[in-house]
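Before any comments, here is the structure.
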Amino acid sequence: MSDKIQTLTGYFHEYGKSVTNPEEFWAKIADSFHWQKRWDKVVEWDFKGPNVKWFVNAKLNITENIFERNMYTLGDKPAIIWEPNDPKEQNQIITYKELFHRVNQFANAMKAQGVGKGDRVIIYMPMIPEAAVAMLACARIGAIHSVVFAGFSSSALADRINDCSAKMVLTSDGNFRGAKSIPVKPVVDEALEKTSTVEKVIVYQRTHENVSMKGGRDIWWHDAIDEVPDVCKAEEMDSEDMLFILYTSGSTGKPKGVVHTCGGYMVYTNYSFENVFQYSKGDVYWCTADVGWITGHSYIVYGPLLAGATTVMFEGVPTFPDAGRFWKIVDKYKVNQFYTAPTAIRALQAFGTDPVSPYKLDSLKVIGSVGEPINEEAWHWYHSHIGKGKCPLVDTWWQTETGGIMISPIAGITPTKPSYATLPLPGIQLVIVDGDGKELQGNSVEGNLCIKYPWPSMLRTTYGDHERCKQTYFSTFKNLYFTGDGVKRDEDGYYRILGRVDDVINVSGHRMGTAEVENAINEHPKVVESAVVGFPHDIKGQGIYAFVICDMEGRSEENLIAEIKETVNKIIGPIARPDHIQIVPGLPKTRSGKIMRRILRKIASKDTDNMGDISTLLNPEVVEAIKEGAKL
Ligand code: WTA
């Protein structure tokens, strides 16, 4: 890739160039990639449509840029180091050559099962190398992957399959997580009862549990790759062809399929990876995310592999067999860059420093954080005990929709400030607007975070519903992409993310729409109405608090609450399970019938001293009743 940012002056210089002449700036970076055909124009855009195209009419295949472009220099270098859940099981060190072989072979296997360019393929798999192989094999043949986090329930999986009319599902028999083995294939079987588009299911044998295999539909992974050739020509993709769809939650009930395309996503994930983490040749990099989230896509698979890095992939959980597992892995592979979520830091911080002290952690050069605001206490603990006070901590702000890191220190170059994501990456033009869309100029301002110019890895649409993309991101404020986050720009021009300003809550770094959880709760036959809000949670960042009106006839409160939690488990998955459910006699509503969430948020946060003006409510008396019964 082109030169990395080396100094703070260099950063400001690059940033300046990226604003005054974005086309020249990105063309120079894109030049270091392998294009089957060069672009006619760097960018074409309007945010009204929105219509955004990067590297217009260029042709490429992202896997050629991972493999063929670097094969002479990288062939024998580890691409993926896979650490299994159980430390006693054999790990895998997969070189670029070997990964290329597996990707080609599996790409041919998928083709043999009838999948081709443009078809949608669902990947519902544990954190095993085959999940990455599956993604790359799709990219090789131009199939569009949609990874669904393997903790989602069968009905959440079915919704996603139906939304994108997937033709194939790639999965495993089961999933090892900590001391447990979790069934995976049975969830797929259940989901497929509610869908009709899937023709084939390829199943990787991981746990060797007995699972049912449907004749004509289900094939074992090892059979599918048996006797297929291991040379597969890379499909020629237009820069704007879809690379993948990733479903994410928003303020409405239904998750939306965020669409990313080939050219821009490739350029930006590689660029941001190398700069933010200051990756140098030979470094071992580890991101602890799951491939089911955007962080896993951009910074376990695509960004690092495009850079020719060695990326560690970990199957297990941070506390198995004990709370020192992360640090043991860092020492074992001499990890240089370590990237995790604040929720993991807080969970491990709760164990104190005993689990950390046996490990040297002296290979670490950079530590990173992503997914939610990192509170100052966790920032300092991470910086002192893991980074030993010497590793720069990069607090990276971005979203599924942005595809790559948008605001972050450049490791070791941008001076950091605890809980600040600091400054935008080159090419990222931020604006802060007030509620009326008026731009707030200068420093020491606070408002809604928006972006006014396109960047290569931005979402292009929401699958099958462009109008929804327009309404959600491009209509709140004219000619701006609206992030949904509140932000402060301090006296030094540094950015601090304040959290979501819409009805999205962030539970352990996982985005959850309140409406989505309410819809799930409302599926319980005894539920009349519900309202869900977030509340501050020591480990998870935010927890889920549900206020529910129920028909209690013949039921105990305790049973009903347990049943409602189970309903949410079944409809979305354990990550959406409410921490608290309070059965209430009514919900505070405005005269027009709108639930006043502001009041519920205050009750759930134990902040009930000043409830503000409630006299305009339709039913002010319920506020007192809810307060008295608050489960705190
Ligand atoms: C939040 C994850 C504060 C934010 C990559 C955003 C953050 C949402 C940070 C996107 C951060 C992410 N500081 N908040 N460093 N990073 N967020 O789509 O609210 O899962 O809008 O993408 O997470 O979550 P998503």
Inset, instruction - Report ³J(HN,Hα) in whole Hz for each residue of the stretch 521-535, in order, from the Karplus equation J = 6.51 cos²θ - 1.76 cosθ + 1.60 where θ = phi - 60°; Gly and Pro get x. - result: 4, 5, 5, 5, x, 8, 7, 8, 7, 8, 9, 10, 9, x, 9
Legend entry - Solvent accessible area, Å² - Lys589, 1.4 Å probe, full protein context: 40 Å²
Inset, instruction - Assign unit charges at the C-beta atoms only (+1 for Lys and Arg, -1 for Asp and Glu), then state the dipole size of the stretch 541-632 relative to its Cα centre in Debye, rounded to the nearest 20. - result: 460 debye
Inset, instruction - Rank these residues by their accessible area, most exposed first, probe 1.4 Å: Phe314, Phe12. - result: Phe12, Phe314
Inset, instruction - Kindly flag which residue pairs out of Lys526/Lys565; Lys417/Lys438; Lys88/Lys360; Lys77/Lys388; Lys281/Lys365 have an alpha-carbon separation exceeding 24 Å in this structure. - result: Lys417/Lys438; Lys77/Lys388
Legend entry - Kirkwood estimate for the chain, i.e. one over the average of 1/r between Cα atoms, Å: 25.3 Å
Legend entry - Largest-first ordering by accessible area, 1.4 Å probe, given options Glu557, Glu83: Glu557, Glu83
Legend entry - Largest-first ordering by accessible area, 1.4 Å probe, given options Lys328, Lys627, Lys570: Lys570, Lys328, Lys627
Inset, instruction - Of the options Ile386, Asn375, Thr472, report the single residue whose Cα projects farthest towards the positive end of the charge dipole of the chain (beta-carbon charges: Lys, Arg +1; Asp, Glu -1). - result: Ile386
Inset, instruction - Kindly work out what percent of the DSSP beta bridges joining two residues of the chain are antiparallel, to the nearest 5. - result: 60 percent
Legend entry - Within the stretch 398-505: Cβ-based charge dipole about Cα centre, in debye rounded to nearest 20 (Lys, Arg +1; Asp, Glu -1): 240 debye
Legend entry - Probe 1.4 Å, protein heavy atoms only - accessible area per residue of the stretch 1-145 in square angstrom: 39 Å²
Legend entry - For Arg69, solvent-accessible area (1.4 Å; no DNA, RNA or ligand), Å²: 60 Å²
Inset, instruction - Please report, as a whole percent, how much of the solvent-accessible surface of the chain comes from carbon and sulfur atoms (probe radius 1.4 Å). - result: 49 percent
Inset, instruction - List the pair-distance distribution P(r) of the stretch 103-229, using every Cα-Cα distance, as the percent of pairs falling in each 10 Å bin from 0 up to the bin containing the longest distance, rounded to whole percents. - result: 14, 50, 33, 3
Inset, instruction - Please get the size of the charge dipole for the chain, origin at its Cα centre, with Cβ charges of +1 on Lys and Arg and -1 on Asp and Glu, quoted in debye to the nearest 20. - result: 640 debye
Inset, instruction - Using only Cα atoms, locate the centre of the stretch 447-512 and the centre of the stretch 344-387, then give the distance between them in Å, rounded to an integer. - result: 28 Å
Legend entry - Viscosity 0.692 mPa s, temperature 37 °C, Stokes-Einstein D of the stretch 504-629 from Kirkwood C-alpha radius, µm²/s: 222 µm²/s
Legend entry - Reachable aspartates and glutamates, given that their alpha-carbon falls under 15 Å from the alpha-carbon of Lys233 and they are not under 8 places away in the same chain: Glu64, Glu68
Legend entry - Accessible area per residue in Å² at 1.4 Å probe, computed on the stretch 504-629: 46 Å²
Legend entry - Heavy-atom accessible area per residue - the stretch 201-296, 1.4 Å, Å²: 35 Å²
Legend entry - Signed unit charges on C-beta, dipole axis of the chain, positive-most listed residue Ser605, Leu99, Gly174: Leu99
Inset, instruction - Putting +1 on Lys and Arg Cβ atoms and -1 on Asp and Glu Cβ atoms, find which of Thr462, Thr340, Ser419 reaches farthest to the positive end of the dipole of the stretch 320-466. - result: Thr340
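The values are calculated or read from the model by the stated rules, or taken from the named source; none is laboratory data. These numbers come from a predicted model, not from an experiment. Every residue, glycine as well, gets a Cβ built from its backbone with ideal geometry; the counts of neighbours run over all protein chains shown. For the accessible areas, the whole protein counts, side chains as well, though only heavy atoms, and no ligand, DNA or RNA atoms are used. Shrake-Rupley method; radii C 1.70, N 1.55, O 1.52, S 1.80 Å.
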